[in-house]
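Written below as structure tokens is the structure these notes are about.
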Amino acid sequence: MRLSIKIVCDSTAYIPQDLLDKYDIKIVSLNIIFENESFREVDIDRTTFYEKLKASKQLPTSAQPTINEMYDSFEKIIEAGNAVVGIFMSSDMSGTYSSSNLVKSMILEKYPEAVIELVDSRSNSMQLGYAALAAAEEAFKNSSMEQVLSATYNVIKKSRFLFVPDTLEYLRKGGRMGGATALIGTILKIRPVLTVFDGKTSVLDKVRTKKKAVDRIVEIFMEDVKTKGLEKVIVHNIDCEEEGLELSRRIEKLIGRKVEIYPIGPVIGLHTGPGAIGVVYFTKASERK
């Protein structure tokens, strides 16, 4: 008898709750640490978090899910007689994937027959989310482990995340951009078009002004759509809903289909900063080799 496969993902995927419920995807939460208090990412609403972020003199930090939370999540699935596929944010961005390997070893000590497969998505946000949803959709069809993993890696290879920050300050404070580079960029009003490449945030292009950066994102997206075909696309925003809506409508007119807006939560938000906007999509043909 084939084991039923259940998907575990971390909270930085920002998959909407209705899809988590539909595919029974389990979420392990990263944590937000302010100077005098800490929260599980899933336990603090975005509005409250961004208000606290703007008011905080010291940039909060993030931490991976606790070993206990991940262990409990895996164990419940295994005890129910199911297999686990864990899909987590890039190992170059967080220790979450590394922790999942430790938890797998712990589970196998207690349940030697357990079936657990782990995937490093090499990204975050809905680039991670699309990979997890691909796995869940395949598992929902009662497919084999090989088919579930193949669907997951297929989306990882074909996906892309393009975004622009509103300010370079949060990237500088978080150590993801040098102080001199951030200062020069601010003075010259340079806005980098950022992407996730080989598991890390990297600069794809540099333009003057945020508007031109958004224009460039749309241009790159449409080039990919024309050459590779489009499967799915969403718009991400960090505490700038109106800008997200404007970009969504713009893309809808270009591709002739509905484009959902998925807000980004606290962990990725604190590293990129309020006002960031971008798109995540995956194509019919491969993006990554």
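The values are calculated or read from the model by the stated rules, or taken from the named source; none is laboratory data. Here the structure is a predicted model, which means the values were calculated and not measured. Positions of Cβ are backbone-derived with ideal geometry, glycine not excepted, and every protein chain shown enters the neighbour counts. Surface accessibility is based on the protein's heavy atoms, side chains included, excluding ligands, DNA and RNA. Shrake-Rupley method; radii C 1.70, N 1.55, O 1.52, S 1.80 Å.
Side notes on the structure shown:
- Residue among Val233, Val203, Val267, Val193 that is within 15 Å of the chain's Cα centre (by Cα), among the β-branched types (Val, Ile, Thr) and closer than 30 Å to Gln58 by Cβ: Val267
- Taking each residue of segment 196-218 that is within 14 Å of Pro165 (Cβ to Cβ) and looking for partners that are assigned to a loop (DSSP other than H, G, I, E, B) and open to solvent by less than 80 Å² (accessible area, probe 1.4 Å) with beta-carbon atoms closer than 6 Å, six or more apart or interchain, yields Val196/Ser123.
- Tally of residues being open to solvent by 30 Å² or more (accessible area, probe 1.4 Å) and either closer than 14 Å to Val8 by Cα or among the small types (Gly, Ala, Ser) (or both) across segment 68-80: 5
- Selection of segment 97-140 for residues being out of contact with any Ser or Thr (no Cβ under 6 Å at 6 or more places or on another chain), crowded, with 20+ Cβ neighbours inside 10 Å, of a type in the set (S, T, N, Q) and in a helix (DSSP H, G or I) yields Ser99, Ser100, Ser125.
- Residues in segment 38-69 that are closer than 18 Å to Lys26 by Cα and part of a helix (DSSP H, G or I): Glu41, Val42, Asp43, Ile67, Asn68, Glu69.
- Look at segment 153-169: where a residue is more than 20 Å from Val235 (Cβ to Cβ) and a partner is basic (Lys, Arg) and open to solvent by 10 Å² or more (accessible area, probe 1.4 Å), sitting 6+ places away or on another chain with Cβ atoms under 6 Å, you get Lys157/Arg288.
- Segment 72-96, residues that are farther than 29 Å from Ser159 by Cα and in a helix (DSSP H, G or I): Asp72, Glu75, Lys76, Ile78, Glu79
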